[in-house]
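Step one of this worksheet: look at the structure below.
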Amino acid sequence: MAEVPSSHRMLTIYLNNHLAGAEAGTRRARRIADAHPGPDRGDALRQLAADIACDTASLRRVMRELGVRERRPYAWLGRAGELAGLLKPNGAVLRRSPLTDLVELEALRLGVLGKRQLWAVLADRFGADSRVDRSRLDELAERADRQAHLLEELRLRAAGVLTTRP
């Protein structure tokens with residue numbers, strides 16, 4: 001029978017999975033922002049990408065505070081998955097399709113919702129732990145809520161490329 005991993009090992013796996021997703025989300029957010037250089041959506045997307053990068057740094061800090069080491073193979077697997085996701089069909093071969101915005105915004109929003117859950121789990125399990133700043137976890141959760149709201153607005157706007165007419 002297989003041995004059950006220790007609690008610390010499970011925490012290490014959990015946080016490294018989220019870190020891999022956070023790094024992928026940071027790259028995706030930057031890619032989306034770069035595709036929209038104008039002030040209309042571009043400014044909001046650039047700020048979002050910067051905030052997501054800060055959230056990734058915050059996750060690294062929490063990992064250090066809890067004595068969890070980064071496991072680079074998780075990041076490599078996350079990067080491979082992200083690159084595979086770039087191969088999705090979008091109706092255009094050599095250029096960016098309007099459908100790409102919709103799909104990427106949906107994927108990024110799902111990642112932000114997952115990050116929101118991460119902060120909630122950490123606040124629940126480690127909120128009273130002196131190594132972790134509970135108020136910072138609450139701030140990160142609130143920022144994730146704002147990010148998800150912005151992404152939902154942008155996603156619905158991007159969905160305008162879909163019509164029911166042939």
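The values are calculated or read from the model by the stated rules, or taken from the named source; none is laboratory data. These numbers were taken from a predicted model, which means no experiment stands behind them. Cβ atoms come from the backbone with ideal geometry, glycine included; neighbour counts cover every protein chain shown. The accessibility values were calculated without ligands, DNA or RNA, using every heavy atom of the protein model including side chains. Shrake-Rupley method; radii C 1.70, N 1.55, O 1.52, S 1.80 Å.
Structural remarks
- Criterion: modelled with pLDDT of 95 or more, open to solvent by 30 Å² or more (accessible area, probe 1.4 Å) and either more than 20 Å from LEU110 (Cα to Cα) or in contact with a helix residue (DSSP H, G or I) (Cβ under 7 Å, 6 or more places away or on another chain) (or both) - qualifying residue of ASP43, ASP51, ASP55: ASP51
- Any hit, the stretch 18-35, residues being within 21 Å of SER135 (Cα to Cα) and open to solvent by less than 40 Å² (accessible area, probe 1.4 Å): yes
- Some residue of the stretch 149-161 being over 21 Å from the mean Cα position of the chain (by Cα) and either part of a helix (DSSP H, G or I) or over 18 Å from ALA50 (Cα atoms) (or both): yes
- Selection status of ARG143, charged (D, E, K, R) and either over 21 Å from ARG46 (Cβ atoms) or exposed (fewer than 14 other Cβ atoms within 10 Å of the Cβ) (or both): no
- Contact annotation: residue pairs with Cβ atoms under 7 Å, 6 or more positions apart or on different chains, pairing a residue in the stretch 99-114 that is touching a residue at least 12 places away in the same chain (Cβ under 8 Å) and closer than 13 Å to ILE52 by Cα with a partner that is in a helix (DSSP H, G or I) and open to solvent by 30 Å² or more (accessible area, probe 1.4 Å), are LEU108/ARG28; ARG109/GLU152; ARG109/ARG155; GLY111/GLY21; GLY114/GLY21.
- Check on ARG143, closer than 25 Å to ALA49 by Cβ, over 14 Å from the mean Cα position of the chain (by Cα) and of a type in the set (D, E, K, R): no
- In the stretch 114-134, residue farthest from ASN16 (Cα to Cα) [restricted to those that are open to solvent by 60 Å² or more (accessible area, probe 1.4 Å) and in a helix (DSSP H, G or I)]: ARG134
- For the stretch 97-113, a residue qualifies if it is open to solvent by less than 40 Å² (accessible area, probe 1.4 Å) and of a type in the set (A, V, I, L, M, F, W, C), and the qualifying residues are LEU102, LEU105, LEU108, VAL112.
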